1. At 10 °C and 1.306 mPa s, what whole-number value in µm²/s does Stokes-Einstein give for the translational diffusion of region 166-213, with Rh from the Kirkwood sum over Cα pairs?
2. With every protein chain present, what accessible area does Ser43 have (1.4 Å probe, heavy atoms only), rounded to the nearest 10 Å²?
3. Once you have the Kirkwood Rh of the chain from its Cα pairs, apply Stokes-Einstein at 37 °C and 0.692 mPa s and quote D in µm²/s.
4. Would you kindly state how much longer the chain becomes between Tyr132 and Ser60 on full extension, computed as 0.36 nm times their sequence separation minus their alpha carbon distance, in nm to one decimal?
5. In cubic angstrom, how much convex hull volume per residue do the alpha carbon atoms of region 37-161 span?
6. For region 37-161, what is the relative contact order in percent, using Cα pairs closer than 8 Å and at least 6 residues apart in sequence?
7. By its C-alpha gyration tensor, with a ≥ b ≥ c as the square roots of the eigenvalues, how is region 98-225 shaped: rounded for a/c under 1.5, else prolate for a/b larger than b/c, else oblate?
8. Could you order Met223, Met183 so the one with the most accessible surface comes first? Probe is 1.4 Å.
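The values are calculated or read from the model by the stated rules, or taken from the named source; none is laboratory data. Note that this is a predicted model, so its numbers are computed, not measured. Neighbour counts are summed over all protein chains in view; Cβ atoms, including those assigned to glycine, are modelled from backbone coordinates with ideal geometry. With ligands, DNA and RNA removed, areas are computed over all heavy atoms of the protein, side chains included. Shrake-Rupley method; radii C 1.70, N 1.55, O 1.52, S 1.80 Å.
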Amino acid sequence: MHSIRLNCLCYSDLGKGTAMPVPTALAQVDREKIYQWINELSSPETRENALLELSKKRESVPDLAPMLWHSFGTIAALLQEIVNIYPSINPPTLTAHQSNRVCNALALLQCVASHPETRSAFLAAHIPLFLYPFLHTVSKTRPFEYLRLTSLGVIGALVKTDEQEVINFLLTTEIIPLCLRIMESGSELSKTVATFILQKILLDDTGLAYICQTYERFSHVAMILGKMVLQLSKEPSARLLKHVVRCYLRLSDNPRAREALRQCLPDQLKDTTFAQVLKDDTTTKRWLAQLVKNLQEGQVTDPRGIPLPPQ
């Protein structure tokens, strides 16, 4: 099923660089086809096949994003594909065919979001907001799950760049509560990408300060992370656990959050619950050890070495 190939790329793409150009002999033929497909996006009759073909080529054409962004009517056509399925969200009637088609459009937007020449304009146009209705969905059917995953992939491609303007933009939107809801109840892959996005926001100083600014924000994040640890103790996933531990470690860099975490860090992260899951993951084990160390440092103890409760 084509949507599976596309959507499973969403998470793996987060760690990829720009693809190598195709060999010169093939390049010109391919480029002519690329131009043709981009032109065909403007017509509803030819758009579906053009979306499919371009989404397949997005990793082998390094400058596809600027070509899409600067060609007449292309971004409007992609947004039209997104808006066209809003009526299928509520009530949830989205079919596999609809999901495949819109996910191809989202894959092209992910390409635009991750390219340095088009990213700023993509944010300035507030295009990520068109994806938020998809992140609000709760239906567990496969078409909806693929839709959420591909939408998360677009946001993940943005935060992967570690650009300040990306974090600044996202903090003006509802992305944190949306990610937290998916982290609590999504599929494992969706949870992983949503936690990756939260991790990237936390790793930015502005993002960390924003989440720790009020008790309500911090407690919401800490509550969801705690629930995830409990769930991971029953259904382990090394990849998801890695992101959860990194989020906790980053929170411990904030003095107020560190104080609160001393009281609410799940016991499973302090004992040997995850020893087997992490036996070959030296990075996560190091993060976990550093987290425990951070929470112990500066803690007042009585003469027997037992931590005293805060006054």
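1. For the chosen part, D equals 147 µm²/s.
2. The accessible area of Ser43 comes to roughly 40 Å².
3. 157
4. Separation in residues times 0.36 nm, less the Cα-Cα distance, equals 23.1 nm.
5. Measuring per residue, one finds 98 Å³ for the Cα hull of region 37-161.
6. After rounding, I find 27 percent.
7. It comes out oblate by the Cα gyration axes.
8. If we order Met223, Met183 from most to least accessible, we get Met223, Met183.
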